[in-house]
Amino acid sequence: MKNKIVRFILCVALAAVFTTVYAENNVASAKTEPSVLNTDVKTAPAAEKAGNQATARDNGGASVGGDLKFYLYDKLEGKSVGTETSQPALNGLTSFYLFISKELSDSVSLDIEPKFSISASATPKLGAKIGKDITSSPTPSIGFVRAQITVKLPENVELTAGALRTLFTEDYGAQLWYGEEFYGNYASCGGYYGTLDDTGIELYKNFELGPVSLPSYLYVLGGAGSLYVDNNNTKAVLVHITPQIGMFKFLGSYFRSMDSSDNNPITRYAAGVAINYENFMFRTEFTSGQWDNVSMYANLTATDFTKTVRNLTPQAYYIKAGYKLFPWLRVMLVYAHYDQDFTNADKNIADTTTKTVLGYTVTSKQSFAYETYTEISPVLNFYVTPDSTIYAQMINVQNTRDGDNCELKYNRFVLGWRTTF
């Protein structure tokens, strides 16, 4: 009860503060409404800062900007391993993006986005007690969201090459979730569902067919799921099309590759629809695929150490609906679900045999105990300025795994702040 009262007071206080702040900003600033209210992907997102366009400044001919994201309050409580428990409220940094863009000529541009992130291992894990993995020595990591060169070709074709954040799903690829949720849902940001980053080449062209606009993308990728180097055996092709007519936008992707042994096919696909009408937005995407002949533990029982070879068919989807009540406030509801069709659960035996799992060479002890995950998350977006947003998000999660009857249930409330500059 005490935590609920604290959350209620925080939200009421925010509403009062932002009514005043937003009014003052409208007088003092000529900036437009927050770009995150519009979930449309730009015609050529690779040439923009997809979903994260910073207000850049000039720096020796290059545009430089950034995005800082941190949480002021992060509290969760629930049931795991049969025990009701909770973790203390936390605050800290989560990520910092740097946007570097340079127009090399009228037809050639460079975009680099390094990412600095911090993990405190606060997210509960299936099979472990809540709060068990929280560390006072958080793990920093440095990587890239993208690093690419774009060339404008004849016939309005654009060619982009380098480290690509592909548009396999737009919620992840165009980073639409980043302006809507503080913690991205697993259906969009899970490695076997909504994400597909790689090195390679993207070809883009927008076809106009009467009232229908048809932005189309063709990717030729390394296939290794890495932004640094490909695997010579795993070249891949991805096609992404987004027919648009009026307020409706349809999303579709098809990916084909081979595993690291070049013997077993990997197929992935995604489909969805987005609607934007005045203050209302709606978007949903479904992803699935098949990884052929994957070797893993049978794990039919908790003591079953036999191995098997099978085809994996994980699938996931999310549904989002949002409405802008005021210029400074949007309410949103997120529902996300996945059926993993396997699990990363370790077996308590000494086994470091290298295996091919989901197209990658790994030493983790993969198991096909069936795992499901469901998330329901109401979110409030408070716009301090068009480039600065505070999130009040409640996350309810139910995560289960068969074989060992493992279950995780928790509620998580986070108050986070994101600012681009």
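The values are calculated or read from the model by the stated rules, or taken from the named source; none is laboratory data. Worth saying up front: this structure is predicted, and the values here are computed from it rather than measured. Cβ placement follows ideal geometry from the backbone for every residue including glycine, while neighbour counts extend to all protein chains displayed.
Observations, loosely collected:
- Residue in region 114-134 that is over 30 Å from Val81 (Cβ atoms), under 18 Å from the mean Cα position of the chain (by Cα) and in contact (Cβ under 8 Å) with a residue 40 or more places away in the chain present: no
- Boolean, Gln340 is modelled with pLDDT under 95 and buried (at least 22 other Cβ atoms within 10 Å of the Cβ): yes
- Number of the exception - Ser260 against (1) of a type in the set (Ser, Thr, Tyr); (2) over 29 Å from Val309 (Cβ atoms); (3) over 22 Å from the mean Cα position of the chain (by Cα): (2)
- Total residues in region 180-196, condition surrounded by fewer than 22 Cβ atoms within 10 Å (Cβ to Cβ) and touching a Ser or Thr at 6+ places or on another chain (Cβ under 7 Å): 1
- Each residue in region 197-224 was checked for being surrounded by 20 or more Cβ atoms within 10 Å (Cβ to Cβ) and more than 17 Å from Glu170 (Cα to Cα), and 6 of them qualify.
- Members of region 256-275 that are buried (at least 16 other Cβ atoms within 10 Å of the Cβ) and within 16 Å of Ser188 (Cβ to Cβ): Arg268, Tyr269, Ala270, Ala271, Gly272, Ala274
- From the options Ser95, Ser109, Ser101, residue that is in a strand (DSSP E or B), touching a helix residue (DSSP H, G or I) at 6+ places or on another chain (Cβ under 8 Å) and of a type in the set (S, T, N, Q): Ser109
- Selection within region 367-408 - in a loop (DSSP other than H, G, I, E, B), crowded, with 21+ Cβ neighbours inside 10 Å and among the small types (Gly, Ala, Ser): Ala369
- Across region 210-245, the qualifying residues are those that are in a strand (DSSP E or B) and of a type in the set (Phe, Trp, Tyr), and the one among them that is nearest to Ala274 (Cα to Cα) is Tyr217.
- Whichever residue in region 227-243 is under 20 Å from Tyr204 (Cα atoms) and without any contact (Cβ under 8 Å) to a residue 60 or more places away in the chain and, among such residues, is surrounded by the most Cβ atoms within 10 Å (Cβ to Cβ): Ala236
- Residue count for region 381-421, restricted to those that are touching a Ser or Thr at 6+ places or on another chain (Cβ under 6 Å) and of a type in the set (A, V, I, L, M): 2
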